Amino acid sequence: MFKRLLAIALLLLIGCASTVTPRAEVDSRAVLEERFIQRTIALEQTLADESRIQDVSFPILQGATELCGSNVINSIGMAVATGFEFEEDFQRSARELSIGASVTVIGVVSDGPAATAGVRNKDIITSVNSNPLITGSNAGTVFRNLLEEELGNSSSVILGVQRGEEALEFTIEPIAICDYAIHLVLTDELNAYADGSSVFITRRMLRFTDNDKELALVMAHELAHNIMDHIDKRQQNYWLGSVVDIAARTQGWDTNGYFGELTGQAYSQDFEAEADYVGMYVLANSGMDLDGATYFWRRMAVESPANIASGHTSTHPATAERFLALESTLEEIARKKASDVPLKPELK
């Protein structure tokens, strides 16, 4: 049988239409070099995208500390890496971008503590409070652990830095921010999401946001999901229905997880609306000018016209409803500012 299928496949291949122009001959060594060039371009752009995310997110995470409760850490607003932390195919490109075996600064938040102290991109970190750093595959992890420990023990940290031929020291005073890391996801899906401990922004969403204000709106919404424990609440709702699924299965009735899915979606639109509402307060406390931020939802309507008036079965409110609700929240925040009232979301 297999031989017959193989013969049929070969006959089909012979009968397939082909091209009529010659295929350009390319030197294999040139292909390898072009791969390196393209990987270097891709890595450089990824680092730039991650820097934008950190620049936009830092003041948001700083302004939201009162809303984050005890989930707060000290930060100096700086990202580092070694070449070993990239995929093997990109390690040569990392070296091309001056990221080698030493702990190298790959991002400094604009106006953040490290930038204010004088730290720059591509600086090599050599010590933390006079504790020398190692180089090699574990250097990045050692540095982050050491920095976290030192930040927990003192009100400032001294970084030893090698910049070209210069050996420098910078005293940096950390700032308290919410402990919700915001990550770039290298996919072309127009999406952003939270998992209870972090926020994730896809590459396409990063490109789609017309300006940093729109990106901040997306981040604040996802951050609000974490602040309001929506992921845990959805999981609790899911397990509540799953108890019925399990009980039904013991009686010989396979529900295919129907009740878990049903309760898992309970209050989904309300959770999204609450994240929109709390997210606007997150933005307001960051000091950002909020004028025009809500227009993001009008642009989303252009991207997905079906969501302009989506029904109640949808997990998210319609874009028209979201825009108007956010405009109402902006008016509420403006009234509080005018009355010198603390900018905190109203609770039931």
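Number of residues in segment 120-133 that are modelled with pLDDT of 95 or more and part of a loop (DSSP other than H, G, I, E, B) equals 6.
For every residue, the table says whether it meets (1) assigned to a helix (DSSP H, G or I); (2) modelled with pLDDT of 95 or more.
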| position | (1), (2) |
| --- | --- |
| Leu10 | yes, no |
| Leu13 | yes, no |
| Ser18 | no, no |
| Glu25 | no, no |
| Glu33 | yes, yes |
| Phe36 | yes, yes |
| Thr46 | yes, yes |
| Asp49 | yes, yes |
| Val56 | yes, yes |
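Total residues in segment 59-78 satisfying the condition of being buried (at least 16 other Cβ atoms within 10 Å of the Cβ), out of contact with any Leu (no Cβ under 7 Å at 6 or more places or on another chain) and at negative phi: the figure is 12. Per the conditions (1) surrounded by fewer than 18 Cβ atoms within 10 Å (Cβ to Cβ); (2) at pLDDT below 85, the sole criterion not satisfied by Tyr295 is (2).
Residue count for segment 67-119, restricted to those that are among the hydroxyl-bearing types (Ser, Thr, Tyr) and not in a loop (DSSP other than H, G, I, E, B): 4. State which residue is farthest from Gly164 (Cα to Cα) when the search covers only segment 107-132 and only residues that are touching a helix residue (DSSP H, G or I) at 6+ places or on another chain (Cβ under 7 Å) and of a type in the set (A, V, I, L, M, F, W, C). Per the criteria, the residue is Val109.
Those helices (runs of 4 or more DSSP H) of segment 136-227 in which 2 or more residues are farther than 26 Å from Gly118 by Cβ occupy 203-208, 212-227. When segment 58-82 is filtered for residues that are within 22 Å of Glu150 (Cα to Cα) and among the β-branched types (Val, Ile, Thr), the ones remaining, listed by number, are Thr65, Val72, Ile73, Ile76, Val80, Thr82.
The values are calculated or read from the model by the stated rules, or taken from the named source; none is laboratory data. Note that the coordinates shown come from a computational prediction; the quantities given were computed from them, not determined experimentally. We place every Cβ from the backbone using ideal geometry, glycine too, and count neighbours over all the protein chains shown.
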